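Right, one structure below, let's go through it.
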Amino acid sequence: MAGLTWLPFLASSLLMMVSLFQSSQAAGVAVYWGQNGDEGSLADTCASGNYQFVNLAFLTTFGGGNTPVLNLAGHCNPGAGTCTSLSVEINDCQNQNIKVLLSLGGAVGNQSLTSADDARQVANYLWNNFLGGQSRSRPLGHAVLDGIDFSIESGTGLYWDNLARALSGFSSQKKVYLSAAPQCPFPDADLSTAISTGLFDYVWIQFYNNGQCQYSTNADNLIAAWNQWTSVHSNQIFLGVPAAPAAADGGYIPPDALISQVLPSIKSSHKYAGVMIWNKYFDSGYSSAIKEQVAASSPSIAPGSGSPSSPAGPHSGRKKSKNLRVKLYVVGAAIATSLAALALLFWCCKLRKRKGNHRNFMGSEMPELDDNEDDESLFFSFTSIEIATDHFSEENKLGQGGFGPVYKGKLVNGLEVAVKRLNRMSGHGIEQFKNEVKVISKLQHRNLVRLLGSCIEKEERLLVYEYLPNNSLDSVLFGMCQNSIYLHSFI
Ligand SMILES: *[C@@H]1O[C@H](CO)[C@@H](O)[C@H](O)[C@H]1NC(C)=O
């Protein structure tokens, strides 16, 4: 038995080491190209060496039965078929290790998905016309784009998650990278549901056109918003900035201010993956001025953890120091793993002593938010609960209680749990929440479902219960049983 409790822990240590390997990739610069015929060709854009991602802007109309419309301003005329010549340039970009994505969006046109089925049809269209599929009328010719960028700023906010899932489904044939360009007020009105699918490789946040979260004379509002965005379910997030004052309605950050006031703060996040620039036309010198600092790893912290999709960057000169860094990480990870293993062993023994045959229900997660108090209420990370409930999927939903939905879940150690996700509007302050969790977890009434722990992360308040596959669970969780009287303040 005791040996088994190590399995999830070892697995997570391995994962940690893998992610450290990947984190040695440098951060990069993304740019939007396509909305001004005078901004230079796609080939020149890629040859500049300033970018690791180019978003072709935009596919302005699609969905809702509308005929899709590609709009690349004065560059070419999709209707006349002249954009197919871009295929060669796209391939050149890709050969320079630059990812080229098609951006869905734009101020004109009609971007609306009317149903989940509509979303699937749009995904099929995109796959066949821009990605790895086949069609006789591919607007950009034979080149296979790397992925799709969601730059949606209007509409109902519905079915973008369906589109993301459907596109991601094609990755089994050829990887389809997904990016999103939400605006900086958190969470984004149109894209938050889609982003929370966890399917987006990159999230470039527009820190412009929004006074409350953009740079003005200082970076305070921007950094406060960035710190909220780091909680999104994506490992690579980018600071989106205008390339010049005229490129947006506010939010321009002079390059020296970006380097001295903004980058040091946002780089302390392990999700920092670079800077997105709007847009190529206005970028006369901006990206060249910042790119070294964007990519430079911050001296005090490890660079962003990322998926294998991190930009490799076009410069091979970095390779040597990269290998050295990787080695250092491996050594560091090995040491950290050993220390953590010792700590876990110590913690397990302590727990066993105190609680007799209390089983190890924590899986691989160590308590995260527990302050230094020596109590038995345990805190789960939001990520571990997301994994356990398959991102709070509908299939795992057990029901809806007065204070929020309840989901069935399975921790990495195999223990089945019921997770109550409290409504954000419940108005529980963190301190009150923690205190009540402590009280409840100490009540081990015979007929009461056992509270295993809780999770507080950003706005999320979760309660994690033992899962009992019979009516007693339902009645307790949904607040209809007398025994639940202690829990009434919550559920
Ligand atoms: C956009 O398309 C949808 C679906 O076809 C349609 O209902 C809507 O009226 C269109 N909106 C505009 C502004 O044309």
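The values are calculated or read from the model by the stated rules, or taken from the named source; none is laboratory data. On a predicted model such as this, the values are computed, not experimentally measured, just so you know. Cβ: placed from backbone, ideal geometry, glycine included. Neighbour counts: every protein chain shown. For accessibility, only protein heavy atoms count, side chains too; no ligands or nucleic acids. Shrake-Rupley method; radii C 1.70, N 1.55, O 1.52, S 1.80 Å.
Roughly how many Å² of residue 197 are accessible to a 1.4 Å probe, to the nearest 10?
Approximately 20 Å² for this residue.
With every protein chain present, what accessible area does residue 410 have (1.4 Å probe, heavy atoms only), rounded to the nearest 10 Å²?
120 Å²
How would 217, 60, 230 rank on accessible area, largest to smallest, probe 1.4 Å? All intermediate terms of the calculation are to be shown ahead of the outcome.
Values: 217 120, 60 5, 230 30 Å².
Ranking 217, 60, 230 by accessible area, largest first, yields 217, 230, 60.
Amide H to amide H, which residues 5 or more places from residue 452 or on other chains are under 5 Å from it, using H placed in the peptide plane?
The answer is 464, 465, 466.
Given 25 °C and 0.890 mPa s, compute D for region 107-260 with the Stokes-Einstein relation, Rh being the Kirkwood radius over Cα pairs; round to the nearest whole µm²/s. Don't jump to the answer; show the numbers that get you there.
Numbers: Rh = 16.6 Å.
Estimated diffusion coefficient is 148 µm²/s.
Sorted by mean Cβ packing within 10 Å, highest first, what order do the peptides 188-194, 110-116 take? Show your work: numbers first, answer last.
Numbers: 188-194: 20.3, 110-116: 17.9.
Output ranking for 188-194, 110-116: 188-194, 110-116.
Relative to the compact-globule scaling 2.2 N^0.38 Å, provide the ratio for the alpha-carbon radius of gyration of region 48-165.
In units of the globular-protein estimate, region 48-165 measures up at 1.03.
Averaging sequence separations of C-alpha pairs under 8 Å and six or more residues apart, then dividing by the length of region 128-196, give the relative contact order as a whole percent.
On the way: 81 pairs, mean separation 23.7, N = 69.
Relative contact order, region 128-196: 34 percent.
How much net charge surrounds residue 281 when only other residues with a Cβ under 10 Å from its Cβ are counted (Lys, Arg +1; Asp, Glu -1)? Please list the in-between numbers first.
On the way: positive: 280; negative: 38, 39, 283.
With Lys, Arg at +1 and Asp, Glu at -1, the neighbours total -2.
Could you check how much of the accessible area of region 55-172 is carbon and sulfur, as a whole percent, using a 1.4 Å probe?
On the way: 2200 of 4760 Å².
Percent of accessible area from carbon and sulfur atoms in region 55-172: 46.
Compute the accessible area per residue over region 15-153, keeping the other protein chains in place, probe 1.4 Å, unit Å².
Working: 5220 Å² over 139 residues.
Per residue, region 15-153 has an accessible area of 38 Å².
Mind ordering 201-211, 270-280, 237-247 by average Cβ neighbours within 10 Å, highest first? Could you put the intermediate results ahead of the total?
Working: 201-211: 23.7, 270-280: 25.5, 237-247: 21.6.
Packing order, densest peptide first, comes out as 270-280, 201-211, 237-247.
If DNA, RNA and ligands are ignored and the probe is 1.4 Å, what is the ranking of 386, 457 by accessible area, most exposed first? Could you put the intermediate results ahead of the total?
Details: 386 20, 457 60 Å².
Of 386, 457, the descending order of accessible area is 457, 386.
On a 1.4 Å probe surface of the protein chains, which of 92, 146 comes out largest in accessible area, and what is the full order? Numbers along the way, then the final one.
Numbers: 92 75, 146 25 Å².
Sorted by accessible area, descending: 92, 146.
Excluding residue 202 itself, calculate the net charge of residues whose Cβ lies under 14 Å from the Cβ of residue 202, where each Lys or Arg counts +1 and each Asp or Glu counts -1.
Charge balance in the 14 Å sphere: 0.
Using a simple spin-label model with points 7 Å from Cα along the Cα→Cβ vector, what separation in nm is obtained for residue 231 and residue 209?
That separation, rounded to one decimal, is 2.5 nm.
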